[in-house]
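The structure appears right after this line, and notes come after that.
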Amino acid sequence: MISGIIGCFLPVLPGPPLAFFGLLIQQLKSSSPFSNRIIVIFLFVTIVITILDFVIPVYSTKKSGGSKFGVWGCTIGLLIGLWLGPVGIILGPFIGAFLGELINNTDFNQAMKAAVGSFIGFLAGTFLKLIVCFVMFWYWLTSWI
């Protein structure tokens, strides 16, 4: 469950699928703590949120006038930012999207607009993943009681 929450910030770890896996492991107890309905609902939510995690930043970047360079820059910036700690995780996607747009020969203002859009998309996706993971964590935690 903890690795699922951490995975909300680290792109190398699939946060919600890991948290869902934690729920499935909990189901192996002699008396299953969750109904089949709850498991199916969390499976559906996990699939949807995993897809949205890829769609939201792209949509947000494109909506703000960005290109594929901005999206790739955002992703690369996040990966580089992981080595710089929490500040890098926050600033990496923004700087990466901005530089990606500048490489694409976009003017400064448009590159800044695309970078902000990409960053907002990244934050929105991370926020949604965190909500889902914390809800699953709560269910997991209460199943021990």
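Derivation of every value follows stated rules applied to the coordinates shown; laboratory data play no part. Quick caveat: nothing in here was measured; it's all calculated off a predicted structure. Note that each Cβ is placed from the backbone with ideal geometry, even for glycine, and that neighbours are counted across all protein chains shown.
The slack between W83 and L123, meaning 0.36 nm per residue of separation minus the straight C-alpha distance, is 12.5 nm.
In the chain, what is the count of Lys pairs whose alpha carbons are under 30 Å apart, counting only pairs at least 8 residues apart or on separate chains?
On the way: K29/K129; K62/K113; K62/K129; K63/K113; K63/K129; K68/K113; K68/K129; K113/K129.
Pairs that pass both the separation and distance tests number 8.
Classify segment 1-56 as rounded, prolate or oblate from the Cα gyration tensor: take a ≥ b ≥ c as the square roots of its eigenvalues, call it rounded if a/c is under 1.5, otherwise prolate when a/b beats b/c and oblate if not.
Verdict is oblate for segment 1-56.
Residues of segment 44-88 falling in the label zone of N109, defined by backbone nitrogen less than 12 Å from a point 7 Å along Cα to beta-carbon, are absent. With 0.36 nm allotted per residue and the present C-alpha distance subtracted, the V135-V55 stretch has 26.6 nm of extension available.
At full extension, V12 and I25 could sit 2.5 nm farther apart than now, given 0.36 nm per residue minus the alpha carbon distance.
The protection proxy used here, the mean number of other Cβ atoms lying within 10 Å of each residue, ranks peptides 20-27, 38-45 as follows, highest first: 20-27, 38-45.
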